[in-house]
Amino acid sequence: MSQNQMMQKLARYRLPLAFVTIVIILLINFFILHKKPFSPLHEGIGYIGGIIAFLGVLLRSWAAGIINKNKKLTTTGPYSLFHHPLYIGSLLIAVGFVILLNSIYLWLILIFFMFFVYMPKIQAEEKKLKILFGEQWDCFVRQTGVFFPKQFKISRLWCKWSFKHWVHHTEYNAWIAVSIAFTVIHYWAVS
């Protein structure tokens, strides 16, 4: 298997891989190291992690409610700030939980996933978008940032949000997963 094929497989299975890896680390932390995570209700750092993760879910929901994948280049709402707000939202969720769980191993895994899974996925997606949208994509890239906004225009933030789009993109799964994770971490921390 070539390096490119391996990167494609990692990108395709990124969510199950991330989930399994995090569960393994949590089990090691709990059963071997006897280390509990911070609780968002009892520790200052937990509040920070919880807020960052919550902001990530909000950003993903905002983006998922307006995007028409591969049909029309979306340039309003969070797309007026970032090339890929869905990925930024996922990154915020991950950073929030890593802060909340306070594990150096999770930081290392997050860095690994960023460089070896998400960055190749973003690069491949950008090539595809360049082919689909041509000059419109080039103009969009000049005006927006990958991870940080290049410009901020309040008028561009306003957009029509659609619950139907949000459901179509199954964004409710992020809300369910984050809610379950917050609940488990809270009860784990206070037990």
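Key figures for this structure:
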quantity	calculated
Listing of helices (runs of 4 or more DSSP H) fully contained in region 118-170 that carry 1 or more residues being touching a residue at least 12 places away in the same chain (Cβ under 8 Å) and either of a type in the set (D, E, K, R) or closer than 16 Å to Phe82 by Cβ (or both)	119-143, 154-157
Residue check for Leu91: under 22 Å from Ala53 (Cα atoms) and either of a type in the set (Val, Ile, Thr) or in contact with a Pro (Cβ under 7 Å, 6 or more places away or on another chain) (or both)	no
Search result, residues across region 57-114 that are of a type in the set (Phe, Trp, Tyr), in a helix (DSSP H, G or I) and over 17 Å from Ile24 (Cβ atoms)	Trp62, Tyr79, Tyr87
Yes/no for Leu129 being at pLDDT below 90, surrounded by 10 or more Cβ atoms within 10 Å (Cβ to Cβ) and aliphatic (A, V, I, L, M)	no
Where a residue in region 65-77 is farther than 15 Å from Arg156 by Cα and touching a residue at least 40 places away in the same chain (Cβ under 8 Å) and its partner, wherever it lies, is in a loop (DSSP other than H, G, I, E, B) and of a type in the set (A, V, I, L, M, F, W, C), with Cβ under 9 Å and at least six apart	Gly65/Cys159; Gly65/Trp161
Qualifying residue in region 121-128 (condition: among the β-branched types (Val, Ile, Thr) and more than 25 Å from Ile45 (Cα to Cα))	yes
Matching option when the condition is of a type in the set (A, V, I, L, M) and either surrounded by 13 or more Cβ atoms within 10 Å (Cβ to Cβ) or modelled with pLDDT under 85 (or both), among Val190, Val167	Val190
Some residue of region 62-71 being out of contact with any Ser or Thr (no Cβ under 9 Å at 6 or more places or on another chain) and surrounded by 20 or more Cβ atoms within 10 Å (Cβ to Cβ)	yes
Which listed residue is more than 22 Å from Ile185 (Cα to Cα) and modelled with pLDDT of 70 or more, from Lys71, Lys9	Lys71
Qualifying residues in region 27-47 (those that are in contact with a helix residue (DSSP H, G or I) (Cβ under 6 Å, 6 or more places away or on another chain) and crowded, with 16+ Cβ neighbours inside 10 Å) - the one modelled with the highest pLDDT	Gly46
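The values are calculated or read from the model by the stated rules, or taken from the named source; none is laboratory data. Computed from a prediction, not measured in an experiment: that's the story for all the values here. Note: ideal-geometry Cβ built from the backbone for every residue, glycine included; neighbour counts use all protein chains shown.
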